[in-house]
């Protein structure tokens, strides 16, 4: 895809961040699967610049416009206008940037999760309710008594005056000066100031990736900084941008209780902040007391920085704990949008074709393909004890062959066999065969996320079907597979020739367009904790529609150690907020 990345421009601004924020998010430096073009948007001319960008008709847009109404860069207003144009996009949303830290804390208290600091007990911490990057936070932000609190309030009120003036202009106030002067310099109740209990402890960060109606919490990071005498035990503006500040991955085995609690709090924060609707996710800043109490401190709308490592903000959670890394995360953003807003394919027509084929499908497979031979070989060579999920199960050929080839037949095999297929006709035939414990009508992109809320999955198989997925949906599915499967993944990749799609187009069947995902699977790589134990290529099938021959490469991945599960947590949210 040709993707446009919307960036906030510092040109002409007086932002305090422009001297330290020298790099912009650059997805194109981390993946070659798409082409990326940056477009810098200025606050005062955002509408005209966005119109020009949309007129270029990119395939997709990623919005990194981060400014609040207080900032001197493009943000909320520009995003709101961009969103009104309805082009396909993921990223920062106007409603998210409109929420202050106080709004997040209030919603967390209303929902009862995640845990956030209280407001009354000293020591107290004072900081802006808007903004980012620890702006206006220094050693004097920590207050041990009422006198220190009053001093900190007067100080931050003075420093917020310019921000309030900009906010008044953005809100259309007739007298911005009067609006800026209207705030009581001694009040702790100002809507743009946070006053909350100070949590003495360590800083952690958890990245959460939106995946359809689910969310994936990646491996947490602990924040490590330089040792300095008399330094405050929290991140100031200077410390956050210090060249020795680093975010380092932690492992579950070091402290399972803390690790699981970090994931739990991060996922609660993701849902409280409504970040699934950005199609991207969030980063959750967390502080942990020495006694193990965990508190959500802040939520940021960008789970992947896409910055060079020398900035200190390298995406360690993405590279270390997300199968497929940066290429996969970009594809997940894109897939999230299309899964929620209508896909690029008319799936009902695809299902209709297979509904018509269902009564004769087994005979077609027997006479025009080697699919049965491929599946028979797999079932003879590899173990499938436990719960098996068959994606795009069709009429149930894999289940039949598994019963034939596994010792004792399917009635003696330990575990469940569950099938999913888009075609109701194929599902009915599969149920009639009787080899599957359960069969559902569902699309393969999301069925795993829906089913795994009910049970654990040991093996995932998919034959002669993934060619219908776009490259973005394919990556979305692979991430789901590698996160969910406990023992093995077996995938048949059909090497679709160009002439096949050309012939489909000439027949008027472009909705059946198919993809050769061989290079995409190779580029995805072998995720940590997995081994590619088999890769076999052979003739696969001959198309009944176009008469083209298609070869198939079958990949078998197995966990190196059954206990070596990705230290990530996948949760499905039952209701939408």
If packing is taken as the average count of other Cβ atoms within 10 Å, what order do 3-12, 172-181 fall into, highest mean first? 3-12, 172-181
If you fit an axis through the alpha-carbon atoms of helix 347-357 and take the longest principal axis of the Cα set of the chain, what angle between them do you get, 0 to 90°, nearest 10? 10 degrees
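Would you mind calculating the relative contact order of the chain from Cα pairs under 8 angstrom and at least 6 residues apart, reporting the percent as a whole number? Numbers along the way, then the final one.
Working: 1140 pairs, mean separation 66.4, N = 577.
Value for the chain: 12 percent.
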By the mean-Cβ-within-10 Å protection proxy, highest first, 61-72, 515-526 rank as 61-72, 515-526
For the stretch 53-92, what's the relative contact order in percent, using C-alpha pairs closer than 8 Å and at least 6 residues apart? 46 percent
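When you count, for each residue, the other Cβ atoms within 10 Å and take the mean per peptide, how do 377-388, 213-224, 466-477 rank with the highest first? Display every interim value, and only then the final one.
Working: 377-388: 17.7, 213-224: 22.2, 466-477: 23.8.
Descending packing order for the listed peptides: 466-477, 213-224, 377-388.
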Measuring from centroid to centroid over Cα atoms, what is the spacing of the stretch 118-172 and the stretch 239-291 in Å? 24 Å
Using alpha carbons only, how many degrees (0 to 90, rounded to 10) separate the axis of helix 146-159 from the longest principal axis of the chain? 80 degrees
Could you work out how far helix 161-170 tilts from the main Cα principal axis of the chain, as a 0 to 90 degree angle to the nearest 10? 50 degrees
Scan (i) 23.6, 75; (ii) 35.9, 123; (iii) 26.6, 87 for the value of Rg and Dmax of the Cα atoms in Å calculated from this model and give just the label. (iii)
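Percent of alpha carbon pairs in the stretch 1-92 separated by more than 21 Å?
Numbers: 1170 of 4186 pairs.
For the stretch 1-92, the share of Cα pairs beyond 21 Å comes to 28 percent.
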Pseudo-spin-label distance residue 171 to residue 250, built 7 Å along Cα→Cβ, given in nm, is 3.9 nm
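Run the numbers on the stretch 292-445 and let me know its relative contact order in percent, using alpha-carbon pairs under 8 Å that are six or more apart.
Here the relative contact order equals 18 percent.
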Per the helix-only model, the chain has a calculated mean residue ellipticity at 222 nm (DSSP H runs of ≥4, -39500 (n - 2.57) each, divided over all residues, rounded to the nearest 500) of -10000 deg cm²/dmol
Could you work out Rg/(2.2 N^0.38 Å) for the stretch 343-570, with Rg from alpha carbons only? 0.96
Among DSSP bridges having both ends in the chain, what percentage is antiparallel? Round to the nearest 5. 65 percent
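Read the figures in this text as sums done on the coordinates, not as results from a lab. Just so it is clear, the structure is predicted and the values come from calculations on it, not from any experiment. In this analysis, Cβ positions are derived from the backbone assuming ideal geometry, glycine residues included, and neighbour counts consider all displayed protein chains.
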